[in-house]
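Engineer: Handing you a structure now.
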Amino acid sequence: MPGLRLQPGVAGARKRAQAMRAAGRAAPAKPHHPEAFPRHRHDHKACVSDAVDAAADLCMRIGERFTPLRRRVLELVWSSHQPIGAYAILDKLREEGRAAAPPTVYRALDFLLAHGIVHRIASMNAFVGCTHPGEAHAVQFLICRGCGSAAEIDDDGLSTALARAADRVGFAVESRVIELAGLCAGCRAAAKATPAG
Ligand SMILES: [Zn+2]
Ligand SMILES: [Zn+2]
Ligand SMILES: [Zn+2]
């Protein structure tokens, strides 16, 4: 469609909504919160391909190379919505027979992190893919203890409130980690559906 520019993630969400309608299921009236937890059963391949497309796009825009290793590391981070540690990434690469030296893999991860293509979950020392890399956003995470998934809530109001609160006491913020633990809607629904005992 000329003149209509869609972000890969948005295009993917739209494609998924179309597929859902085609399958006779009611698509959500609006993407209620693109950063929120995905449904437990969803087309995760679409998540991965959206993420890889978005990263390739971003690298092209900023004139960086999206090397095969950077791409593979990103795909591994996106194996699921659960944060994954650097060691697990190294293990998976070894299983695939890629003789990637740890420092090379760490450099690839650093690159993805530096460009906001992945985020680091400090409390788990693990990484999770960003759903909209290349856009400036405040990041706060919800981490589900049920399914282990992490989801971004990118609430600028919250960031502004924190910045103001710090400023009031003359505090210069250097790093900011906001991670909330709990149960996602999918896990809460599953817990309700399965009677205890
Ligand atoms: Zn997914
Ligand atoms: Zn993000
Ligand atoms: Zn969950």
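Engineer: Just checking, which of ALA181, ALA191, ALA138, ALA150 is free of Cβ contacts under 8 Å to residues at least 60 places away in the same chain, under 17 Å from GLY116 (Cβ atoms) and of a type in the set (Gly, Ala, Ser)?
Structural biologist: On inspection, the qualifying residue turns out to be ALA138.
Engineer: Could I ask something else about it? Please enumerate the residues belonging to region 93-137 that are within 12 Å of the chain's Cα centre (by Cα) and on the phi > 0 side of the Ramachandran plot.
Structural biologist: Once the filter is applied, which keeps residues that are within 12 Å of the chain's Cα centre (by Cα) and on the phi > 0 side of the Ramachandran plot, region 93-137 yields only GLY116.
Engineer: Any idea which residue in region 36-52 is farthest from CYS147 (Cα to Cα), counting only those that are in contact (Cβ under 8 Å) with a residue 60 or more places away in the chain and away from ligand 2 (no atom under 16 Å from the Cβ)?
Structural biologist: That would be ARG39.
Engineer: So PHE111 passes all but one of these: (1) in contact with a Leu (Cβ under 8 Å, 6 or more places away or on another chain); (2) modelled with pLDDT of 95 or more; (3) closer than 23 Å to SER175 by Cα; (4) not in a strand (DSSP E or B). Which condition number does it fail?
Structural biologist: For PHE111, the failing item is (1).
Engineer: Would you mind telling me which numbered condition in (1) under 21 Å from ALA150 (Cβ atoms); (2) away from ligand 1 (no atom under 16 Å from the Cβ); (3) out of contact with any Phe, Trp or Tyr (no Cβ under 7 Å at 6 or more places or on another chain); (4) aliphatic (A, V, I, L, M) LEU76 fails?
Structural biologist: Of (1) under 21 Å from ALA150 (Cβ atoms); (2) away from ligand 1 (no atom under 16 Å from the Cβ); (3) out of contact with any Phe, Trp or Tyr (no Cβ under 7 Å at 6 or more places or on another chain); (4) aliphatic (A, V, I, L, M), only one is false for LEU76: (2).
Engineer: Turning to a different aspect of this structure: So in region 100-136, with the set limited to residues that are closer than 19 Å to PRO38 by Cβ, of a type in the set (A, V, I, L, M) and in contact with a Gly (Cβ under 9 Å, 6 or more places away or on another chain), which one is surrounded by the fewest Cβ atoms within 10 Å (Cβ to Cβ)?
Structural biologist: Among those that are closer than 19 Å to PRO38 by Cβ, of a type in the set (A, V, I, L, M) and in contact with a Gly (Cβ under 9 Å, 6 or more places away or on another chain), it is MET124.
Engineer: Hey, could you check region 153-178 for residues that are surrounded by 14 or more Cβ atoms within 10 Å (Cβ to Cβ) and touching a residue at least 40 places away in the same chain (Cβ under 8 Å) and say which is farthest from HIS40 (Cα to Cα)?
Structural biologist: Looking at the filtered set, the residue picked out is ASP154.
Engineer: Report, by residue number, each residue of region 52-86 that is touching a strand residue (DSSP E or B) at 6+ places or on another chain (Cβ under 8 Å), of a type outside the set (S, T, N, Q) and either surrounded by fewer than 20 Cβ atoms within 10 Å (Cβ to Cβ) or assigned to a loop (DSSP other than H, G, I, E, B) (or both).
Structural biologist: TRP78, HIS81, PRO83, GLY85, ALA86
The values are calculated or read from the model by the stated rules, or taken from the named source; none is laboratory data. Since this is a predicted model, take the numbers as computed values, not measurements. Cβ coordinates were reconstructed from backbone atoms using ideal geometry, including for glycine residues, and neighbour counts include every protein chain displayed.
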